[in-house]
1. For the stretch 10-30, name all the residues that are touching a helix residue (DSSP H, G or I) at 6+ places or on another chain (Cβ under 7 Å) and crowded, with 19+ Cβ neighbours inside 10 Å.
2. Residue check: is T58 among the hydroxyl-bearing types (S, T, Y) and within 25 Å of I33 (Cα to Cα)?
3. Do you know which of the residues in the stretch 70-127 that are modelled with pLDDT of 90 or more and in a loop (DSSP other than H, G, I, E, B) is farthest from the chain's Cα centre (by Cα)?
4. Just for the stretch 52-62: of the residues that are more than 14 Å from the chain's Cα centre (by Cα) and closer than 28 Å to N106 by Cβ, which one is surrounded by the most Cβ atoms within 10 Å (Cβ to Cβ)?
5. With the structure loaded, tell me whether D100 is loosely packed, with under 12 Cβ neighbours inside 10 Å and either under 30 Å from R11 (Cβ atoms) or among the aromatic types (F, W, Y) (or both) or whether it fails that test.
6. Of everything in the stretch 11-43, what is among the aliphatic types (A, V, I, L, M) and without any contact (Cβ under 8 Å) to a residue 12 or more places away in the chain? Give them in sequence order.
Amino acid sequence: MVRHNSKGSGRNVRLAEQIQKDIAILIQREIDITTAGLITLTNVELSADYAHAKVYFTVLGAEPEAAQKALDDKAGWLHSQLFKMMHIHTVPTLRFIHDDHMIRGNKIRKLIEEANRPQVGDTDDDN
C-alpha cells in the first residue's frame, strides 16, 4: 500500500512502489531475522522532490526498537544499493518508521469484543 496525497503524481506512486519492492528484497537478504525479527514493509511515502522517503514497517519475532536499529544501521547501505538498482537521478534519503496501525487495530478489536461479550449475571429476563 502506498499512501499519497491528492497532489501525488503517478510517477511518485510508481517510484514509491518500486522503492518498497527493492528495499524489501535487500532487507530479506541482508538483515538478520534472529536479532531484528521478520520485517515487512507496509508503505513508502515519497516527498514531492523525491529527496526523502518515509519507509513504514512492521515486525514479527522482535521488538520494534531492534528492527528500527537494524534498519537505521543499514539505511546508508540500502540507499547506495537503491542508487545502483534504480538508475534515477535522485534516490531518496530513507527514514524508517514503525507502523503501529496493526497493533492499534488489534487493540481496538479486542476492546470491541470485550464490550460485546455478555457479562456474568447478565440475562435477557431483566423485566
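The values are calculated or read from the model by the stated rules, or taken from the named source; none is laboratory data. Treat the numbers as computed from the prediction; the structure is a model and nothing was measured. Methodologically, a virtual Cβ is constructed for each residue, glycine included, from the backbone with ideal geometry; neighbour enumeration extends over all protein chains shown.
1. Of everything in the stretch 10-30, those that are touching a helix residue (DSSP H, G or I) at 6+ places or on another chain (Cβ under 7 Å) and crowded, with 19+ Cβ neighbours inside 10 Å turn out to be I19, I23.
2. Details: among the hydroxyl-bearing types (S, T, Y): yes; within 25 Å of I33 (Cα to Cα): yes.
Yes; evaluated as a whole, the condition is true for this residue.
3. Top of the filtered list is V91.
4. Looking only at the stretch 52-62, we keep the residues that are more than 14 Å from the chain's Cα centre (by Cα), and these are 52, 61-62.
Restricting the remaining residues to those that are closer than 28 Å to N106 by Cβ gives 61-62.
On the way: G61: 13, A62: 17.
Filtering first and then ranking leaves A62.
5. Working: loosely packed, with under 12 Cβ neighbours inside 10 Å: no; either under 30 Å from R11 (Cβ atoms) or among the aromatic types (F, W, Y) (or both): yes.
No, not satisfied.
6. First, the residues of the stretch 11-43 that are among the aliphatic types (A, V, I, L, M): 13, 15-16, 19, 23-27, 31, 33, 36, 38-39, 41.
Once the filter is applied, which keeps residues that are among the aliphatic types (A, V, I, L, M) and without any contact (Cβ under 8 Å) to a residue 12 or more places away in the chain, the stretch 11-43 yields V13, I25.
Listed here are the residues, each with its yes/no results for (1) within 20 Å of H87 (Cα to Cα); (2) in contact with a strand residue (DSSP E or B) (Cβ under 9 Å, 6 or more places away or on another chain).
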{"residue": "K21", "(1), (2)": "yes, yes"}
{"residue": "E30", "(1), (2)": "no, no"}
{"residue": "I33", "(1), (2)": "no, yes"}
{"residue": "L38", "(1), (2)": "no, yes"}
{"residue": "A48", "(1), (2)": "yes, no"}
{"residue": "A62", "(1), (2)": "no, yes"}
{"residue": "D72", "(1), (2)": "no, yes"}
